[in-house]
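Report on one structure; see the data block that follows.
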Amino acid sequence: MGKRVLVIEDEPNIIEAIKFFLSRDGWEVFTHSNGHDALEAVDRRAPDLLILDVMLPGRSGYEILRELRAQERWAKLPVLILTARGQTKDREMAAAAGASRFMTKPFSNTDILEAVRELAEA
Amino acid sequence: MNTVNLLILVCTVYVALLFLVAFVAERSAMRGRGRWLRSPMVYTLSLSIYCTAWTFYGAVGYAARSGLEYITIYLGPTIVMIGWWWVLRKLVRVGRAQRVTSIADLISARFGKSNLLAVGVTILAVVGTTPYIALQLQSVTLSFASFADAVGQPGPGDGARASTALWVAMGLALFTVLFGTRNLDANERHHGVVMAIAVEAVVKLVALLAVGVFVVWGLSGGVNETLARIDASKIGNWQMDGGRWAALTFLSAAACLCLPRMFQVMVVENADEAHLRTASWAFPGYLLLMSLFVVPIAVMGLERLPEGANPDLFVLTLPLAEGQTALAIFSFLGGFSSATSMVIVAALALATMVSNHMVMPLWLRWTGGRASVSGDVRHVVLLSRRISIAGVVALGYVYYRTTGGGAALASIGLVSFAGVAQVLPVMIGGLYWRGATRLGALAGLSVGFGLWGYALFLPSLGGGIMPQDILANGPLGIAWLRPQALFGIEGLDPLVHAVLWSLLLNALTFFTVSLATFPTPLERLQGAQFVNVLNQAGSARSWSAGAAQAEDLMVMAQRILGAPEAQAFFEQEAERQSGRAVRPGALPEPNPDFLQRLERELSGSVGAATAHAMVAQIVGGASVSVRELLAVADETAQMIEYSDRLEAQSKELAATAAKLREANDKLTRLSVQKDAFLSQISHELRTPMTSIRAFSEILRDTADVSPEEQRKYSSIIHDESVRLTRLLDDLLDLSVLENGQVNLNIRQGDLREALDKAVSAAAAEGDAGLRVLREDAAAPIRLETDFDRLGQVFINLIANARKYCDAAAPELRITTRPLSDGQVQVDFVDNGSGIPLEARDLIFEKFARASPQRAGGAGLGLSICRQIMERLGGAVDYLPSERNAHFRVTLPATAAAARPARGKPKLTN
């Protein structure tokens, strides 16, 4: 059984695409599509890696990330922030919230794949 | 050489010496080196003209007759100098500020420059002073005769006596003319005269002290013996008459202020206000020394000299009787000095008044103002002044000849004092009471002068002038009008009686008439200047020395020019004056040349009039004329106007700045909004692009994609491309609508048909899960509008219902209704749960999505709808019903019925 990755993203097509190439790389992919109960989803799925969108219905990705980092259990969880907003300001906010990686949409599938691999090995 | 000739020689030498002193002083003053002439000591000594021959000889006689009462004559001025110092200071300040030339001028100036008043005071002064001048002539003659008698030389007969008086009178007139009218100084200062008087003051004091010392130590044998003799004499048993004592003290105090000659030396000749400070202690000191030996001389005179000897001449006859010729000559010189100095100054003062207030006005009237050339007037003034001096002295001489000089010296002096004292109420009132008026002053003076003449002066002349009958029974037998018992008050000393009534009624009349009359504008102005002179002039500091003046100028200049500039200017001026380099901080001599330059320098900053006024204030201590004040006011007004304009401009600037700030804030807000909008657009564009890229990479890079997956992924790419295109279309549409660049295609049509088209178009776009129910108005509704745009709105609303209606079997009810005001209403009500309360305000904003569900729209639809409806003259609103989403479109049936476009969404029920 491969490692578990949770993708929190509200755009179904993007979820589908990520699920496609990550599962082919041997990941067990779970998805969640809103911010409201994102923390519960993390607790339930207990992923080895989290891919997190920022503009989510209900709560922002940064908010979710900050609360995750506050929990000892998820303090070291590798988290890849994936957002359509790529300004410096957003990058800084991601870092401040405790993101392990920051990538902007649209992305290259191989880049995501490499980033996920690196985060998993680290 | 016999003793009388020696005396004449000594006198001649002495007179020549006085001429020399006056000449030298005048020359020094002319050359501007007269600082020593203006010393406080000279000023104090010049005040000693208060001590005339009456005080020199008469005090001893007074003491011999009336005991210590003579002290009142010294007490009055002492009280004035020490206790009334503030009155003096104000008097001097006013005198200098108004360039007053005499006491008549002062009173006239105070009450609106009334010449009538000046004439009145002049007459009063002449009448009051003439006997006094006669008295001086008499004392000289008398003392000369006594001297001649005592040394056993042939005494001059009556004719010789008269000629002595004549010679003396002529000599004094000559001296006064020579040194009193050398030039027409604007401020009437006579350095030569003052200097000569100061010398005479010293001579008379030393002479009297010499006689006193001789009497006490030479004759009496020491202080204790003298005191014992005094106790033994009748002076020792003298009883004080309180009323008389007070009246005399008051009189002499008043005289000190009002006597024309005192006013001349105290106010007119005053070079510096600060001199008063010295005089206030030095002059009482002088008087004290003058009175020190009066009683011993009187006592010794009574004791040693034969019964019947004139006590008024003890000062002279006592040394003579004891064989002390030299001392006697010295004593004679003292008396001579007292007499001459008084006559000179009195003649000068009176002549100024007579000339200025009587001769000149008459002459000007006579010539009809033809003499407009100043040199001409100057010549006339000098001539009239000279004639006046001669006239005044001649008057005194004639008076002396007429009365024969019988009355005791002291009594003439007191009558004279009481006469001039009548000016006191008006003078003090004028200085301290702004309500005093010209008519009040005239009335008060007339009453006082009249009463004095009636109750004191005329009776004092003896029975020849006033019939004994009137004195005893009153005029026409009216008892209460008896001159020495007015209003039935008897038993008073005649002097006290006269002083009491005349001054009391004088002051009362002055006061009541002043209250009852109104001052003219000029009187008001002058009154204010007199009463407020101390405030106007600022500090009462003295500028006695040139250095102090320069320093004050420097201080002022620094305030106006700035310290470094002022310092540089002053140093440069000092350098110019000395002709060589000066040390830093050196001050120039404040000479006219420098002052002019300073004024020019200052006028650059404060205006010419102000500069002149400021410099004049410091240098002259002089007043600023009304015209100068007006000029200053003008300048000030200009500056105020200028600063007002500046203020208005700065207000305008502030307003402009505020507007700019507002505009800037608006721009900043817009910029923030624009950033947010762009950021939104970026997000909305990136999302479909992300899917497109991701799936195209999958299709490109993955070998084993199943055909089914291939189809699915291709259609995702297709759908997202369509979404992207629609988003771009919407953005462009919105941009065009918002900029108002949209071209409407207005045509006639039917609402029902438009809705039919929209419903079928919406159905074509997605799955047909939504049931559309129609409730059309009975009659067809004709519209005149842009049907393409309206259809766009309808499609959007129907599509929204399909996307967001959360009912199990979604339904949309479309109702049309024509309104009475030419409007048409179309309601879109679904059966879902409606839009959450907190989102209702947002749905018409760009990129706002009420629903969390991904519905494919960019969130621009309702924004576009609102823009379109506004362009069509209608509106689209969300109606908050209890449940269900309820949109209402309102639009005018015809273009003519269009409402003005609304700027903001308005929720109506």
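Rule-based calculations on the coordinates, nothing more; no lab input. Keep in mind the model is a prediction, meaning the values are calculated, not measured. Every residue, glycine as well, gets a Cβ built from its backbone with ideal geometry; the counts of neighbours run over all protein chains shown.
What to note about this one:
- Take each residue in B:691-700, count the other chain C-beta atoms within 10 Å of its C-beta, and the mean is 5.
- Highest mean packing comes first when the peptides A:38-45, A:61-68, B:220-227 are listed by Cβ atoms within 10 Å, giving A:61-68, A:38-45, B:220-227.
- The range B:744-897 - percent relative contact order, Cα under 8 Å, separation 6 or more: 24
- Shape of the range B:704-749, Cα gyration tensor, a/c cut at 1.5: oblate
- Summed side-chain charge close to B:GLN748 - residues other than B:GLN748 whose Cβ falls under 12 Å, Lys, Arg +1, Asp, Glu -1: -2
- The mean number of Cβ atoms from other chains found within 10 Å of a Cβ in peptide B:677-689 is 4, as a whole number.
- Taking every C-alpha pair closer than 8 Å and separated by at least 6 residues, the mean separation divided by the residue count of the range B:632-723 gives a relative contact order of 25 percent.
- Two-decimal log10 I(q)/I(0) for the range B:744-897, as the Debye equation yields it once each C-alpha is a single scatterer, q = 0.09, 0.20 Å⁻¹: -0.26, -1.35
- For B:LYS651, the lysines whose Cα comes closer than 19 Å to its Cα, not counting residues fewer than 8 places off in the same chain, are B:LYS659.
- Here the extension length gained between B:GLU811 and B:ASN115 equals 239.0 nm, from 0.36 nm per residue of separation less the Cα-Cα distance.
- Sequence-distant lysines (8 or more away, or on other chains) whose Cα lies within less than 25 Å of A:LYS76: A:LYS3, A:LYS19, A:LYS89, A:LYS105
- Straight-distance crosslink candidates among lysines, where the alpha carbon sits under 22 Å from B:LYS666 and sequence neighbours closer than 8 are dropped: B:LYS674, B:LYS846, B:LYS904
- Per-residue shielding of A:107-118, expressed as the average number of other chain Cβ atoms within 10 Å of the residue Cβ, stands at 2.
- Relative frequency of Cα-Cα separations exceeding 19 Å in the range A:4-121, percent: 38
- Relative protection proxy for B:198-208, B:73-83, from highest mean packing down: B:198-208, B:73-83 (other beta-carbon atoms within 10 angstrom).
- Ordering B:115-122, A:109-116 by mean Cβ neighbour count within 10 Å, with the highest value first, yields B:115-122, A:109-116.
- Backbone phi angles across the range B:680-695, fed through the Karplus curve with coefficients 6.51, -1.76 and 1.60 (θ = phi - 60°), yield HN-Hα couplings of 4, 4, 4, 4, 5, 6, 5, 4, x, 5, 4, 4, 4, 5, 4, 6 Hz in residue order; Gly and Pro are listed as x.
- Here the relative contact order of the range A:4-121, from alpha carbon pairs under 8 Å that lie six or more residues apart, stands at 24 percent.
- Sorted by Cβ neighbour density within 10 Å, fewest at the top, the residues B:CYS11, B:CYS865: B:CYS11, B:CYS865
- Nearest-0.05 FRET efficiency for A:GLU28 and A:GLN71, computed from C-beta distance (R0 22 Å): 0.50
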